[in-house]
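**Q** This is the structure I have questions about; it appears just below.
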Amino acid sequence: MATHNDLGRKGEAIAKAHLEANGYEIMDENWVFGRAEIDLIAYKNKTIIFAEVKTRTGNSFGEPEDFVDARKQRLLADAADEYIYLMNHQGEARFDIISILYDRNNNYTLKHIEDAFWPSAT
C-alpha cells in the first residue's frame with residue numbers, strides 16, 4: 001500500500017479517537033456515494049457532522065485544510081444530501097475539517113475546524 005494511504009488511514013484513526021473523546025458518536029467511516037467519500041460521519045447534539053480528514057507531513061504547499069477545495073466540497077455536499085435522505089435525518093447538519101499535521105519527529109498537531117464550510121448550490 002502506498003505511504004500516503006497509510007498516512008491517511010493513520011490520520012483518520014486519530015480523528016476518530018478525537019471525536020469520540022469529545023462526545024461524538026461515530027455513525028460511519030469512509031462512506032461512499034458516487035465519486036465522493038466522506039471520511040467520518042458523526043453525531044452529537046442532534047446534529048450530523050460530516051468530517052473530512054486531511055493529514056500531511058508538511059505544510060510547504062499549504063495547510064492540510066487548504067486541500068478541501070470547492071470541487072471536493074460539492075462532492076461532499078452531494079454525498080451528505082444522500083446520507084441525510086437515507087437516514088431520514090430531520091435535524092441539523094454541518095461540515096467539519098480535521099487537519100492533522102506531522103512534524104519531522106513524527107509528532108502531530110490536530111486542528112478541528114467546526115462548520116468549516118457549507119457548499120453553495122451550483
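Rule-based calculations on the coordinates, nothing more; no lab input. What you see is a predicted model, and the numbers here were worked out from it, not measured in a lab. We place every Cβ from the backbone using ideal geometry, glycine too, and count neighbours over all the protein chains shown.
**Q** Kindly work out what percent of the DSSP beta bridges joining two residues of the chain are antiparallel, to the nearest 5. Before the final figure, lay out each step's value.
**A** Working: 19 of 29 bridges.
In the chain, approximately 65 percent of DSSP beta bridges are antiparallel ones.
**Q** Taking a quarter of the surface of the Cα convex hull of the stretch 1-64, what do you get in nm²?
**A** The orientation-averaged projected area of the Cα hull of the stretch 1-64 comes to 5.4 nm².
**Q** Okay, moving on. Could you give the length gained by full extension between M27 and Y108, i.e. 0.36 nm per residue of separation minus their alpha carbon distance, to one decimal place?
**A** 26.6 nm
**Q** Over the residues of the stretch 3-117, compute the C-alpha Rg and express it relative to 2.2 N^0.38 Å.
**A** 1.04
**Q** Here's another thing I want to ask about it. With springs only between Cα atoms under 10 Å apart, run a GNM on the chain and tell me which of A70, A13, A51 wobbles the most.
**A** Most flexible of the set in this elastic network: A70.
**Q** Order of R104, R74 from fewest to most other C-beta atoms within 10 Å?
**A** Lowest count first: R104, R74.
**Q** Given only helices, namely DSSP H runs of n ≥ 4 each adding -39500 (n - 2.57), what is the per-residue ellipticity at 222 nm of the chain, to the nearest 500 deg cm²/dmol?
**A** On the way: 2 runs with 37 residues, N = 122.
Computed mean residue ellipticity for the chain: -10500 deg cm²/dmol.
**Q** Determine ³J(HN,Hα), in whole Hz, for all residues of the stretch 100-112 in sequence, where each value follows from phi through the Karplus function 6.51 cos²θ - 1.76 cosθ + 1.60 and θ = phi - 60°; x replaces Gly and Pro.
**A** Working through the residues one at a time gives 10, 10, 8, 9, 5, 8, 6, 8, 10, 10, 10, 10, 9 Hz.
**Q** Please arrange L19, L110 by counting, for each residue, the other beta carbons lying within 10 Å of its beta carbon, fewest first.
**A** Exposure proxy ranking, most exposed first: L110, L19.
**Q** Additional query: Using Cα pairs closer than 8 Å and at least 6 residues apart in sequence, work out the relative contact order for the stretch 78-120, in percent.
**A** 36 percent
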